[in-house]
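Engineer: I have a structure here, written as structure tokens, and I will follow up with some questions on it.
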Amino acid sequence: MSPGQLSKRVVGDRLAWVQRMLEEIRSLPLDSREAFFADRRNVWAAESCLRRALEALLDLGRHILAKGFGIGTSEYKEIAIRLEEQGVITSDEAALLRTLAGYRNRLVHFYHEVTPEELYEICAHRLTDLERVAAAYRRWIKEHVEWMDEML
């Protein structure tokens, strides 16, 4: 794999997707456990939007590695390690992204173990973790605009 330019469209789409999914989660009644659990569809909406936001963050990380550095990854947790090695994210951000990757894997492969209460807690109190990684990507991209392919 050879390094090249990042797709402005992919970068923009993935960051917008993360933002949209977080907005959808925040539109749920997260300020009250009772209100959240009063409609069981809230749990399914929260899970779907959280999983999609996580996948968009990880897909963007993979895109940066593949297109920007010519590095392929096969595991989601490896994305965090390689992004840190390349200086895209800090060690703290990499640790956080590894945790998020592990949670994405739980949502997909061990979905039967993720409780509604756990989803509520994450959506009510931990969405800033996803925003922190998205902000790290934005920071790096802003510092490396020359790596962006302007073609849409």
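Computed from the coordinates by the stated procedures, all read-outs in this text should not be read as laboratory data. Keep in mind that what you see is a predicted model, and the values were worked out from it rather than measured. So basically every Cβ, Gly included, is an ideal-geometry build from the backbone, and we count neighbours across all protein chains shown.
Engineer: Please check: in the Gaussian network model of the chain (C-alpha springs, under 10 Å), which one of D13, D39, D129 has the largest mean-square fluctuation.
Structural biologist: Highest fluctuation among the options: D39.
Engineer: So, counting K/R as plus one and D/E as minus one, what does the shell of residues with Cβ under 15 Å around A38 add up to?
Structural biologist: -1
Engineer: Can you put S7, S27 in order, fewest other beta carbons within 10 Å first?
Structural biologist: S27, S7
Engineer: What 222 nm value per residue comes from the helices of the chain, counting each DSSP H run with n ≥ 4 as -39,500 (n - 2.57) and dividing by all residues, nearest 500 deg cm²/dmol?
Structural biologist: Estimated from H runs of four or more residues: -22500 deg cm²/dmol.
Engineer: Helix 127-143: angle to the longest alpha-carbon principal axis of the chain, degrees 0 to 90, nearest 10?
Structural biologist: Helix 127-143 sits at roughly 20 degrees to that axis.
Engineer: Here's something else I'd like to know. Which one, E34, E121, E85, has the greatest fluctuation when you compute a Gaussian network model over the chain with C-alpha springs under 10 angstrom?
Structural biologist: E34
Engineer: Here is a further query. Output the relative contact order of segment 6-146, whole-number percent, from Cα pairs under 8 angstrom with separation of 6+ residues.
Structural biologist: Reported relative contact order: 28 percent.
Engineer: Using θ = phi - 60° and the Karplus curve 6.51 cos²θ - 1.76 cosθ + 1.60, what whole-Hz ³J(HN,Hα) does each residue of segment 63-79 get, with Gly and Pro shown as x?
Structural biologist: Rounded to whole hertz, the list is 5, 4, 5, 5, 7, x, 10, x, 10, x, 10, 10, 10, 4, 5, 5, 4.
Engineer: Here's a follow-up. Using a Gaussian network model on the chain with a 10 Å cutoff between Cα atoms, which of E24, E55, E113 fluctuates the most?
Structural biologist: Among E24, E55, E113, the largest GNM mean-square fluctuation belongs to E113.
Engineer: In debye to the nearest 20, how big a dipole does the chain give about its Cα centre with +1 on each Lys and Arg Cβ and -1 on each Asp and Glu Cβ?
Structural biologist: Value, rounded to 20: 280 debye.
Engineer: Would you indicate which of (1) 2, 8, 15, 16, 14, 12, 9, 8, 6, 4, 3, 2, 1, 0, 0; (2) 2, 9, 19, 22, 21, 15, 8, 3, 1, 0, 0; (3) 2, 10, 19, 21, 18, 13, 8, 5, 3, 1, 0 is the value of P(r) over Cα pairs in 5 Å bins from 0, in percent derived from the coordinates of this structure?
Structural biologist: Read-out taken from this structure: (3).
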